[in-house]
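Below is one structure, written out as structure tokens, with a few remarks after it.
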There are 2 protein chains.
Amino acid sequence: MNNFELKNPTKIIFGKDTIKQLETEIPKNAKVLLLYGGGSIKKNGIYDQVKKALANVEVVEFGGIPANPEYATLMEALHVIKEESITFLLAVGGGSVIDGTKFLSAAAVFEGETPWDILTNNIKTEKGMPFGTVLTLPATGSEMNSGAVITRRETKEKLAMGGPGLFPVFSILDPQVIASIPQRQLQNGLMDSFTHVLEQYMTYPVQGLLQDRFAESILQTIIEVAPKVLKDPTDYDAASNFMWSCTMALNGLIQKGVPGDWAVHAMGHELTALFGIDHARTLAIITPSHYKYNFEAKKEKLAQYGERVWKIKGGSKEDRAYEAIEKTVAFFHKLGIDTKLSDYTDDYEGTAEEIEKRFTDRGWLGLGEHQNLSPDKVKEIVKMAY
Amino acid sequence: MNNFELKNPTKIIFGKDTIKQLETEIPKNAKVLLLYGGGSIKKNGIYDQVKKALANVEVVEFGGIPANPEYATLMEALHVIKEESITFLLAVGGGSVIDGTKFLSAAAVFEGETPWDILTNNIKTEKGMPFGTVLTLPATGSEMNSGAVITRRETKEKLAMGGPGLFPVFSILDPQVIASIPQRQLQNGLMDSFTHVLEQYMTYPVQGLLQDRFAESILQTIIEVAPKVLKDPTDYDAASNFMWSCTMALNGLIQKGVPGDWAVHAMGHELTALFGIDHARTLAIITPSHYKYNFEAKKEKLAQYGERVWKIKGGSKEDRAYEAIEKTVAFFHKLGIDTKLSDYTDDYEGTAEEIEKRFTDRGWLGLGEHQNLSPDKVKEIVKMAY
């Protein structure tokens, strides 16, 4: 097991009818900026629940934060924060709204010239403006971690940021919100959280026995509840396990003491940038060919995953490892998610070379848990995913 | 899944050679009270490592905190805290030293007449004197939770306390400390952590699918590493998984959203009080008869545990549930721990009636996850454990 540090101060309030607890969690005398996305919360009743719970504090609203939270939009929100002397931020939404709010938490106290420097200069925020979240879309785990990804269309950049000061003060997770999430978003959330676990697990063994079993626990739970969530999102038992699995998949715990891969995400981001494919679906495209290409390096963990999660028996270790990849692809298909680039676009020729060039230009010379996936290897993996 | 809240702000610093990080974790200008137990830390080198890391801060020492931390001793330490204007507490030890330090953290800021009221009046400490820990004995999980148990010999009381202000600011976990722990303490630590998980798991199903799997993960890990830890406590891979399992077994995570039992602990405490049997060993005495007596109420979870943890196949659900109890007893024996009261004392006649009377006198009318174990049922369980 590798050495590690773990500190996660976010207060989770989980369960039925918990949104009303906002009333006691927001600091007294706070001036709140309520941030949300495209307005679905006004249709599903969440907005009304939030406003009711905030009846006794001063609230300014800022809606319209887009998926892949956009710098220009966030700069408008930052202007409101300064103009209105906001003291507390409340994100009501999914990963995009929460990530955008983390940027604002950092930017509100940033003393440099231009807040974009937080991203380009990789500035870790030690203490941001305090914020809470009401999660409306389980997927990214942003509600219990301190990281965010921000997009700047103007310069075609998508950069990560974070720091110990960017954990939410609290996050309210009411699984009943899942009932009104469209099928496509549910599929994406299941895929996203499943891949978050794989990125922290499918590497090489370091005797992180408990971490491995925790990761397998989340994978097994997602596999168990996925068909139920998709069939009937009002199934509270399934919804609550789905929601809690998404949070636990990326709140830091299972990454402690073990190596991480994250190459699937790096390659997937490019497919979103080039073709506008949903983030979660790009992961389904890349994962199988990534595991096949890196089979030798990953076969120990692939076999363990196959044995424990998919109950594969018999054959050689290699057989079980390979069958585990096949089972994974079959699971993605069962989620209703296609796993080949050609399922999404006819215009895929040259994509592998384009991504190779982008990674070379950026100096990304070694992805993956061994930092040995050079751009020419990335090209091969993407080609296998056509 | 039941509704729950989770907030655990303790910073964990885990791994090889981490004790030296004390230097950066102790607040600058702090005046530190260094608390420890019987002095084993002076023999195994931990004391020297701690003192070296504290070279730049003012340190006062208080050794001699006994197992089952004793109120009278702690009151002497409290006197030192006031006399010396201490600002930060550092526990170097196992659960007893850490629990004692939690009491001092609360007592140092307590404004009432006598600090014992914190325990008798069940006062939740919202903000105590800040403290950190260096864990020398994995078992109780006290290094990452906010609870403590304090003993007062004078009045023969053993009471629990806690509150959100009693999480350690940081805890340093270096698995290398395990190398110098005596065999008996290792057995106890394995037993204690295993039972902590069982108390939060062996109840009835509430569709806490992920919680169940996390609990099973810890049980499986302890079962896997136990023989290695006992055979060779310098085996770092085994030691690190043992240590992390103990912490995760009682840091709150697996209890969230599911019922808890804790009747085994309640009954076990009486056996310690009556016969001086090690706490961990009392758990091994009570567990089998508790599960047999409450078989109908617990058989769903017993069967699931048998299937998933012990890989029991075939037979009826009842068969698998019963075999799971047998496997558990065999595991305790494999740890080198006896499971009958008569293994520890010849003077066991009348014990069940004595404990029944104690529970009746205290008004403990309903133990267990259904709060339905009345003192006469407790008597039957204890009798089965002779």
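Does region A:227-267 hold any residues that are aromatic (F, W, Y) and part of a helix (DSSP H, G or I), and which are they? Once the filter is applied, which keeps residues that are aromatic (F, W, Y) and part of a helix (DSSP H, G or I), region A:227-267 yields A:Y236, A:F242, A:W244. Considering region A:3-18, and only residues there that are under 30 Å from B:N241 (Cα atoms) and of a type in the set (V, I, T), the residue that is surrounded by the most Cβ atoms within 10 Å (Cβ to Cβ) turns out to be A:I12.
Taking the listed residues A:K16, A:K11, the one that is within 14 Å of chain B (Cβ to nearest Cβ), touching a residue at least 40 places away in the same chain (Cβ under 8 Å), under 30 Å from B:P168 (Cα atoms) and under 24 Å from the mean Cα position of the chain (by Cα) is A:K11, with no other qualifying.
Would you mind telling me which numbered condition in (1) in contact with a Ser or Thr (Cβ under 7 Å, 6 or more places away or on another chain); (2) at pLDDT 95 or above; (3) in a strand (DSSP E or B); (4) more than 14 Å from chain B (Cβ to nearest Cβ) A:K158 fails? Going through the list (1) in contact with a Ser or Thr (Cβ under 7 Å, 6 or more places away or on another chain); (2) at pLDDT 95 or above; (3) in a strand (DSSP E or B); (4) more than 14 Å from chain B (Cβ to nearest Cβ), A:K158 breaks only (2).
Condition check ((1) in contact (Cβ under 8 Å) with a residue 12 or more places away in the chain; (2) of a type in the set (K, R); (3) surrounded by fewer than 20 Cβ atoms within 10 Å (Cβ to Cβ)) across all residues:
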residue	(1), (2), (3)
A:V60	yes, no, yes
A:G64	yes, no, yes
A:A72	yes, no, yes
A:M75	yes, no, yes
A:V92	yes, no, no
A:V97	yes, no, no
A:T101	yes, no, no
A:V109	yes, no, yes
A:G112	no, no, yes
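Of the set (1) modelled with pLDDT under 95; (2) surrounded by 19 or more Cβ atoms within 10 Å (Cβ to Cβ), all apply to A:G314 but (2).
Within region A:19-49, being within 14 Å of another protein chain (Cβ to nearest Cβ), crowded, with 19+ Cβ neighbours inside 10 Å and either under 23 Å from the mean Cα position of the chain (by Cα) or of a type in the set (D, E) (or both) holds for one residue alone: A:I19. A:P182 meets all of the listed conditions (1) touching a residue at least 24 places away in the same chain (Cβ under 8 Å); (2) farther than 30 Å from A:N122 by Cα but one, namely (1). Looking at region A:50-63, can you tell me whether even one residue there is over 26 Å from A:N241 (Cα atoms) and within 23 Å of the chain's Cα centre (by Cα)? There is at least one residue in region A:50-63 that is over 26 Å from A:N241 (Cα atoms) and within 23 Å of the chain's Cα centre (by Cα). Taking B:K327 as the residue in question, decide whether it is farther than 30 Å from B:S146 by Cβ and within 14 Å of chain A (Cβ to nearest Cβ). So B:K327 fails the test.
When B:H196 is tested against (1) part of a helix (DSSP H, G or I); (2) facing chain A (nearest Cβ under 10 Å); (3) touching a helix residue (DSSP H, G or I) at 6+ places or on another chain (Cβ under 6 Å), exactly one condition is not met: (2). Contact annotation: residue pairs with Cβ atoms under 7 Å, 6 or more positions apart or on different chains, pairing a residue in region A:131-152 that is on the phi < 0 side of the Ramachandran plot with a partner that is basic (K, R) and surrounded by fewer than 24 Cβ atoms within 10 Å (Cβ to Cβ), are A:V149/A:K158; A:T151/A:K158.
In this entry, B:L230 is excluded by the filter for residues that are in the same structural domain as B:K327 (by TED's automatic domain parsing), more than 25 Å from B:L367 (Cβ to Cβ) and either in contact with a Ser or Thr (Cβ under 7 Å, 6 or more places away or on another chain) or at pLDDT below 95 (or both). Selection of region A:232-268 for residues being at the interface with chain B (Cβ under 10 Å from one of its Cβ atoms) and touching an Asp or Glu at 6+ places or on another chain (Cβ under 7 Å) yields only A:T247. Checking B:T339, B:T360, B:T351 one by one, the residue that is under 24 Å from B:E224 (Cβ atoms) and either at pLDDT 95 or above or not aliphatic (A, V, I, L, M) (or both) is B:T339 and no other. Yes or no: A:Q211 under 30 Å from A:H370 (Cα atoms), buried (at least 23 other Cβ atoms within 10 Å of the Cβ), over 16 Å from the mean Cα position of the chain (by Cα) and within 14 Å of chain B (Cβ to nearest Cβ)? It is true that A:Q211 is under 30 Å from A:H370 (Cα atoms), buried (at least 23 other Cβ atoms within 10 Å of the Cβ), over 16 Å from the mean Cα position of the chain (by Cα) and within 14 Å of chain B (Cβ to nearest Cβ). In this structure, is A:Y305 in a helix (DSSP H, G or I), among the hydroxyl-bearing types (S, T, Y) and farther than 24 Å from A:V225 by Cα? No. Across region B:214-231, the qualifying residues are those that are facing chain A (nearest Cβ under 10 Å) and either more than 27 Å from A:P175 (Cβ to Cβ) or touching a His at 6+ places or on another chain (Cβ under 6 Å) (or both), and the one among them that is surrounded by the fewest Cβ atoms within 10 Å (Cβ to Cβ) is B:E224. Failed condition for B:T272, given (1) more than 14 Å from chain A (Cβ to nearest Cβ); (2) at pLDDT 95 or above; (3) within 19 Å of the chain's Cα centre (by Cα), with all others met? Here B:T272 clears every test but (2). A residue that is modelled with pLDDT of 95 or more and in a loop (DSSP other than H, G, I, E, B) occurs nowhere in region A:219-226.
Checked against (1) more than 14 Å from chain A (Cβ to nearest Cβ); (2) closer than 30 Å to A:L6 by Cβ, B:F295 passes all but condition (2).
The values are calculated or read from the model by the stated rules, or taken from the named source; none is laboratory data. Owing to the predicted nature of the structure, the values given are computational and were not obtained by experimental measurement. FYI the Cβ positions are ideal-geometry reconstructions off the backbone, even for glycines, and counts take in every protein chain you see.
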